[in-house]
Amino acid sequence: MATYIALLRGINVSGHNIIKMELLRKVLGELDFENISTYIQSGNIIFDSSIADVAVLENQIAKKIEEHFGFLVLVRITTIQELKMIVFENPFVQENLLDDKQPYVAFLSEVPVSNNLEQLQAIDFANDRFVNKNKALYLWYADSAANTKLNNVIIEKKLLLKATSRNWKTILKLIALVENN
(Lines give C-alpha, C1' and ligand atoms only; values in the text may rest on other atoms or scores of the structure.)
Protein backbone atom coordinates (compact mmCIF):
# COMPACT_ATOMS: atom_id res chain seq x y z
CA MET A 1 0.00 0.00 0.00
CA ALA A 2 1.19 3.48 -0.85
CA THR A 3 -0.25 6.82 0.21
CA TYR A 4 -1.39 9.20 -2.51
CA ILE A 5 -2.86 12.69 -2.62
CA ALA A 6 -5.47 13.40 -5.30
CA LEU A 7 -5.86 17.05 -6.26
CA LEU A 8 -9.16 17.82 -7.95
CA ARG A 9 -9.50 20.86 -10.18
CA GLY A 10 -12.49 23.17 -10.22
CA ILE A 11 -14.80 21.75 -7.59
CA ASN A 12 -16.76 23.88 -5.11
CA VAL A 13 -15.72 27.09 -6.89
CA SER A 14 -18.28 29.90 -7.17
CA GLY A 15 -21.20 27.53 -6.74
CA HIS A 16 -20.11 25.20 -9.56
CA ASN A 17 -19.28 21.49 -9.45
CA ILE A 18 -20.40 21.16 -5.85
CA ILE A 19 -19.17 18.06 -4.04
CA LYS A 20 -19.53 17.57 -0.30
CA MET A 21 -16.35 16.00 1.06
CA GLU A 22 -18.22 13.53 3.28
CA LEU A 23 -20.09 12.19 0.24
CA LEU A 24 -16.91 12.19 -1.85
CA ARG A 25 -15.14 10.04 0.75
CA LYS A 26 -18.08 7.62 0.69
CA VAL A 27 -18.13 7.45 -3.12
CA LEU A 28 -14.37 6.90 -3.33
CA GLY A 29 -14.77 4.15 -0.74
CA GLU A 30 -16.37 2.14 -3.55
CA LEU A 31 -12.91 1.97 -5.13
CA ASP A 32 -10.14 -0.21 -3.76
CA PHE A 33 -8.82 2.61 -1.54
CA GLU A 34 -8.19 2.68 2.21
CA ASN A 35 -7.80 5.41 4.84
CA ILE A 36 -9.60 8.02 2.72
CA SER A 37 -9.54 11.54 4.14
CA THR A 38 -10.08 15.00 2.70
CA TYR A 39 -8.68 18.42 3.47
CA ILE A 40 -10.85 21.53 2.97
CA GLN A 41 -13.55 21.79 0.32
CA SER A 42 -11.32 22.37 -2.70
CA GLY A 43 -10.70 18.71 -3.49
CA ASN A 44 -7.66 17.40 -1.65
CA ILE A 45 -7.98 13.67 -0.99
CA ILE A 46 -5.48 11.52 0.87
CA PHE A 47 -5.80 7.76 0.47
CA ASP A 48 -3.91 4.48 0.41
CA SER A 49 -3.94 2.13 -2.56
CA SER A 50 -2.08 -0.93 -3.76
CA ILE A 51 -2.28 0.40 -7.34
CA ALA A 52 1.08 1.85 -8.33
CA ASP A 53 0.07 3.40 -11.68
CA VAL A 54 -1.03 6.99 -10.96
CA ALA A 55 -2.71 7.29 -14.38
CA VAL A 56 -4.98 4.39 -13.42
CA LEU A 57 -5.77 6.08 -10.10
CA GLU A 58 -6.51 9.41 -11.79
CA ASN A 59 -8.85 7.73 -14.28
CA GLN A 60 -10.63 5.69 -11.59
CA ILE A 61 -11.30 8.78 -9.47
CA ALA A 62 -12.39 10.92 -12.44
CA LYS A 63 -14.76 8.20 -13.69
CA LYS A 64 -16.23 7.62 -10.22
CA ILE A 65 -16.87 11.37 -9.78
CA GLU A 66 -18.48 11.63 -13.22
CA GLU A 67 -20.59 8.54 -12.56
CA HIS A 68 -21.83 9.76 -9.19
CA PHE A 69 -21.85 13.58 -9.51
CA GLY A 70 -22.45 13.95 -13.26
CA PHE A 71 -19.45 16.06 -14.29
CA LEU A 72 -15.82 15.55 -15.25
CA VAL A 73 -13.01 16.93 -13.13
CA LEU A 74 -9.29 16.94 -13.65
CA VAL A 75 -7.56 14.65 -11.14
CA ARG A 76 -3.84 15.05 -10.50
CA ILE A 77 -2.24 12.43 -8.24
CA THR A 78 0.80 13.40 -6.24
CA THR A 79 2.81 11.80 -3.44
CA ILE A 80 4.38 12.93 -0.20
CA GLN A 81 7.78 12.61 -1.90
CA GLU A 82 6.75 14.95 -4.71
CA LEU A 83 5.27 17.47 -2.27
CA LYS A 84 8.45 17.44 -0.16
CA MET A 85 10.56 17.94 -3.31
CA ILE A 86 8.36 20.89 -4.29
CA VAL A 87 8.96 22.44 -0.86
CA PHE A 88 12.70 21.73 -1.05
CA GLU A 89 13.03 23.24 -4.55
CA ASN A 90 10.96 26.38 -3.82
CA PRO A 91 12.61 29.09 -5.95
CA PHE A 92 10.87 31.83 -3.96
CA VAL A 93 12.27 30.82 -0.56
CA GLN A 94 14.09 34.18 -0.25
CA GLU A 95 10.91 36.20 -0.80
CA ASN A 96 9.08 38.00 1.96
CA LEU A 97 6.80 35.25 3.21
CA LEU A 98 4.35 37.35 5.21
CA ASP A 99 1.63 35.81 3.06
CA ASP A 100 1.59 32.13 4.07
CA LYS A 101 -0.32 31.27 0.90
CA GLN A 102 2.61 32.22 -1.35
CA PRO A 103 3.93 30.83 -3.52
CA TYR A 104 1.19 28.92 -5.28
CA VAL A 105 2.06 25.79 -7.23
CA ALA A 106 0.38 24.67 -10.43
CA PHE A 107 0.58 20.89 -10.52
CA LEU A 108 1.02 20.03 -14.20
CA SER A 109 -0.09 16.83 -15.92
CA GLU A 110 3.30 16.53 -17.65
CA VAL A 111 6.67 18.28 -17.81
CA PRO A 112 6.14 21.17 -20.24
CA VAL A 113 8.09 21.24 -23.49
CA SER A 114 10.46 24.17 -23.84
CA ASN A 115 8.70 25.78 -26.83
CA ASN A 116 5.42 25.96 -24.91
CA LEU A 117 7.16 27.25 -21.80
CA GLU A 118 8.70 30.01 -23.93
CA GLN A 119 5.21 31.00 -25.12
CA LEU A 120 4.08 31.37 -21.51
CA GLN A 121 7.24 33.35 -20.65
CA ALA A 122 6.54 35.76 -23.52
CA ILE A 123 3.35 37.01 -21.84
CA ASP A 124 3.50 40.15 -19.71
CA PHE A 125 2.09 39.19 -16.33
CA ALA A 126 3.04 42.56 -14.80
CA ASN A 127 4.81 41.74 -11.51
CA ASP A 128 3.54 38.18 -11.26
CA ARG A 129 6.27 35.59 -11.78
CA PHE A 130 6.64 31.87 -12.30
CA VAL A 131 9.38 29.25 -12.29
CA ASN A 132 9.03 25.77 -13.76
CA LYS A 133 10.59 22.73 -12.14
CA ASN A 134 9.56 19.38 -13.61
CA LYS A 135 5.77 19.00 -13.26
CA ALA A 136 5.48 21.98 -10.90
CA LEU A 137 5.00 25.60 -11.90
CA TYR A 138 5.75 27.86 -8.93
CA LEU A 139 3.63 31.03 -9.04
CA TRP A 140 4.35 34.28 -7.20
CA TYR A 141 1.58 36.85 -7.29
CA ALA A 142 2.48 40.49 -6.69
CA ASP A 143 -1.11 41.33 -5.75
CA SER A 144 -3.22 38.20 -5.32
CA ALA A 145 -4.24 35.01 -7.06
CA ALA A 146 -7.66 36.56 -7.64
CA ASN A 147 -6.21 39.49 -9.62
CA THR A 148 -3.86 37.86 -12.10
CA LYS A 149 -3.71 36.79 -15.72
CA LEU A 150 -1.33 34.01 -14.64
CA ASN A 151 -4.03 31.43 -13.93
CA ASN A 152 -4.77 27.80 -14.80
CA VAL A 153 -6.61 28.75 -17.99
CA ILE A 154 -3.64 30.58 -19.54
CA ILE A 155 -1.17 28.02 -18.15
CA GLU A 156 -3.09 25.17 -19.80
CA LYS A 157 -3.58 27.09 -23.05
CA LYS A 158 0.09 27.96 -23.48
CA LEU A 159 1.68 24.80 -22.08
CA LEU A 160 -0.88 22.48 -23.72
CA LEU A 161 -1.17 20.62 -20.41
CA LYS A 162 -3.68 20.24 -17.60
CA ALA A 163 -3.07 22.07 -14.33
CA THR A 164 -4.53 22.48 -10.88
CA SER A 165 -3.10 24.91 -8.36
CA ARG A 166 -2.69 24.93 -4.61
CA ASN A 167 -1.38 27.59 -2.27
CA TRP A 168 1.68 27.02 -0.09
CA LYS A 169 -0.31 26.71 3.13
CA THR A 170 -2.35 23.85 1.62
CA ILE A 171 0.77 22.07 0.37
CA LEU A 172 2.38 22.23 3.82
CA LYS A 173 -0.84 21.04 5.47
CA LEU A 174 -1.13 18.06 3.09
CA ILE A 175 2.43 17.05 3.97
CA ALA A 176 1.65 17.31 7.69
CA LEU A 177 -1.55 15.30 7.35
CA VAL A 178 0.21 12.46 5.51
CA GLU A 179 3.12 12.44 7.97
CA ASN A 180 0.80 12.40 10.99
CA ASN A 181 -1.26 9.44 9.73
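The values are calculated or read from the model by the stated rules, or taken from the named source; none is laboratory data. This one's a predicted model, so the numbers in the text were calculated from it and none came from an experiment. Here the Cβ is made from the backbone with ideal geometry for all residues, glycine too, and neighbour counts use every protein chain on show. Please note that ligands, DNA and RNA were not included when accessible areas were found on the heavy atoms of the full protein model with its side chains. Shrake-Rupley method; radii C 1.70, N 1.55, O 1.52, S 1.80 Å.
Brief remarks follow.
- Solvent-accessible area per residue for the chain (1.4 angstrom probe, square angstrom): 53
- Rounded if a/c under 1.5, otherwise prolate or oblate - the stretch 57-181, Cα gyration tensor axes: oblate
- Net lengthening on full extension, A126/S50 (0.36 nm per residue, minus Cα-Cα): 22.8 nm
- Under Stokes-Einstein, with the Kirkwood radius over Cα pairs as Rh, the value for the stretch 1-113 at 20 °C and 1.002 mPa s is 140 µm²/s.
- For K20, a cut-off of 22 angstrom between C-alpha atoms picks up these lysines, skipping any fewer than 8 places away in its own chain: K63, K64, K169, K173.
- Whole-Hz Karplus values for the stretch 149-157 come out as 8, 7, 10, 4, 5, 6, 4, 5, 5 Hz, taken residue by residue from phi with 6.51 cos²θ - 1.76 cosθ + 1.60 and θ = phi - 60°; glycine and proline positions read x.
- Largest-first ordering by accessible area, 1.4 Å probe, given options D128, D143, D53: D143, D53, D128
- Rounded to the nearest 10 Å², the accessible area of D32 at probe 1.4 Å: 100
- Accessible surface of the chain, 1.4 Å probe, proportion on carbon and sulfur as whole %: 49
- Computed on protein heavy atoms with a 1.4 Å probe, the accessible areas place F88, F125 in the order F88, F125, largest first.
- Rounded if a/c under 1.5, otherwise prolate or oblate - the stretch 1-41, Cα gyration tensor axes: prolate
- Computed about its Cα centre, the charge dipole of the chain is approximately 260 debye, with only Lys, Arg, Asp and Glu carrying charge at their Cβ.
- Accessible-area ranking of L137, L98, largest first, probe 1.4 Å: L98, L137
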